[in-house]
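Comments concern the structure below.
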Amino acid sequence: MGDTKSSGKYKRRDLARTIDVLFEISDAVTHTRNLPELYKAIHQSLDKILNVDNFFIALLDEERDVITFPYHVDERDDIPEEILNFSKESTFTSRIIKQKSPLIFYEKDFVEMVRKKGKNPLGTAFKIWLGAPLIIRDRVLGAIVIQDYNSASAYRDQDLALLNSISQHVALAIERKEAEKKIKEQRGIMEKILESSPVGMAMVQNQTFKWVNSEMVRMFGYETKEKFHNKSVHMIYTAAEDYDYAGQTIYDNVITQGTADYEIDVVKNDGTLFPAHILLNCPDSNDPMAWTIATVIDMSQRKAADKETYERERLQGVLEMAGAVCHEINQPLQAILGYSELLLMGFPQEPMGDHLSSIKSQATRLGKITKRLSNITRYKTVDYPGNTKIVDIWGADSDSV
């Protein structure tokens with residue numbers, strides 16, 4: 001990588017090249033896609049001014065009390081496992097992080113630490129080791145480390161100051177990249193929430209669809225989201241009058257209330273209509289036609305349920321009225337039938353007998369009508385002279401007659 005060198009040799013550099021490296025690191029934040037790419041770019045840039053054959057970045061997770069090594073390049077040692085119980089451990093990396101200051105160690109320091117620990121959990125013995133903390137606003141993110149296994153003169157004291165200066169740029173770069181990652185993750189979560197929403201949702205800019213969720217596509221009978229992208233919202237309205245009405249309603253309500261809430265019939269891809277409840281929110285009341293979030297609810301099922309409830313309540317009213325009528329009519333009807341029987345006994349011959357028989361027949365018919373009324377469970381109406389409608393008694397459903 002970089003300039004020609006042999007391990008243990010001091011790498012020459014000048015101020016201009018150092019500044020170029022810092023610019024490269026800043027530029028890498030924008031042009032790399034993720035943190036692993038960023039770490040690699042930082043390593044390649046530093047190789048132009050420092051010996052980084054043995055280089056790693058360690059990150060601190062304070063919540064888990066763990067140090068991890070997301071980027072590690074070493075001539076002799078493998079990538080170390082994460083260091084658990086960081087606050088209780090004593091390593092060269094943990095010293096950098098705990099003291100929040102750049103430190104330099106030599107082989108004698110390595111030997112002393114191994115002696116105190118009574119074992120060697122630190123990897124291969126080095127000749128010189130430089131580390132600087134990654135700090136942002138007094139918060140330590142981790143450390144950046146370089147080391148050499150062959151010569152204690154591979155680095156000079158001023159290299160530690162340089163590494164510390166670079167670490168500030170690296171820390172800023174890592175923070176920005178992590179922030180981008182979190183924003184991307186949050187965007188992904190939000191996208192999943194919006195996609196799983198049982199109602200249609202859309203983002204509209206200047207009366208043009210910029211984004212819709214899957215339910216919006218399904219609701220309006222389209223195959224893909226692209227059918228909405230950059231299309232005028234006019235596509236969901238039945239006529240220019242409805243489009244104008246909605247536009248005026250949105251403008252008036254957003255200006256005064258910050259939201260617009262209305263119901264209107266909208267049109268599907270196949271031309272059929274359905275009733276929709278539309279709720280709009282706009283963050284900028286001075287320009288309500290700018291970015292607007294629309295929520296669209298298909299009211300078809302609710303309308304059908306309301307109609308069914310209305311019909312059920314109406315039927316209940318009819319049945320209650322029919323029951324009351326039957327009850328009130330049955331008593332005088334039974335009296336008429338009883339007296340008709342008695343009179344027929346006294347006047348069995350014509351013409352009085354025939355008249356009495358007719359009275360009894362009509363009373364019996366009336367009894368059948370009241371019985372029919374009392375057993376109605378569902379009804380329909382028929383036209384009746386005088387531009388009115390009446391219940392079709394004989395066409396209605398009945399339990400029994």
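The values are calculated or read from the model by the stated rules, or taken from the named source; none is laboratory data. Since this is a predicted model, take the numbers as computed values, not measurements. Cβ sites come from the backbone with ideal geometry, for glycine too, and all protein chains shown count toward neighbours. Just so you know, the surface numbers come from the protein's heavy atoms only, side chains and all, with ligands and any DNA or RNA stripped out. Shrake-Rupley method; radii C 1.70, N 1.55, O 1.52, S 1.80 Å.
Expressed as a whole percent, the accessible surface of region 188-303 that belongs to carbon and sulfur atoms is 53, based on a 1.4 Å probe. Computed from the Cβ-Cβ distance with R0 of 60 Å, the FRET efficiency linking residue 190 to residue 365 stands at 0.25.
Using alpha carbons only, what's the Rg to Rh ratio of region 84-132 with Rh from Kirkwood?
0.94
Using +1 on the beta carbon of Lys and Arg, -1 on that of Asp and Glu, and nothing else charged, what's the dipole of region 125-253 about the Cα centre, debye to 20?
Working: 16 positive and 17 negative charges, 102 e Å.
Dipole size: approximately 480 debye.
Highest mean packing comes first when the peptides 73-81, 211-219, 59-67 are listed by Cβ atoms within 10 Å, giving 211-219, 59-67, 73-81. Modelled spin-label separation between residue 75 and residue 259, with each label point placed 7 Å from Cα along the Cα-to-Cβ direction: 6.7 nm. For residue 251 and residue 100, FRET efficiency with R0 = 60 Å and r from the beta-carbon atoms, rounded to 0.05? Result of the calculation: an efficiency of 0.60. Assuming a ≥ b ≥ c are the square roots of the Cα gyration tensor eigenvalues, decide whether region 73-161 counts as rounded (a/c under 1.5), prolate (otherwise, with a/b larger than b/c) or oblate. Oblate. Report note on the peptides 44-54, 242-252: ranked by the mean count of other C-beta atoms within 10 Å, highest first, their order is 44-54, 242-252.
Using the eigenvalues of the Cα gyration tensor, what equivalent ellipsoid semi-axes result for region 135-256 when each is taken as the square root of five times the eigenvalue, whole Å, largest first?
Working: eigenvalues 630, 57, 28 Å².
After scaling each eigenvalue by five and taking roots: 56, 17, 12 Å.
Can you pull the percent of region 29-157's accessible area that's carbon plus sulfur, 1.4 Å probe, other chains left in place? With neighbouring chains kept in place, the figure for region 29-157 is 46 percent. Applying 1/(1 + (r/R0)^6) with R0 = 51 Å to the Cβ-Cβ distance of residue 304 and residue 114 gives a FRET efficiency near 0.05. Can you compute the modelled spin-label distance between residue 277 and residue 31, with each label point 7 Å from Cα toward Cβ, in nm? Result: 5.3 nm between the two label points.
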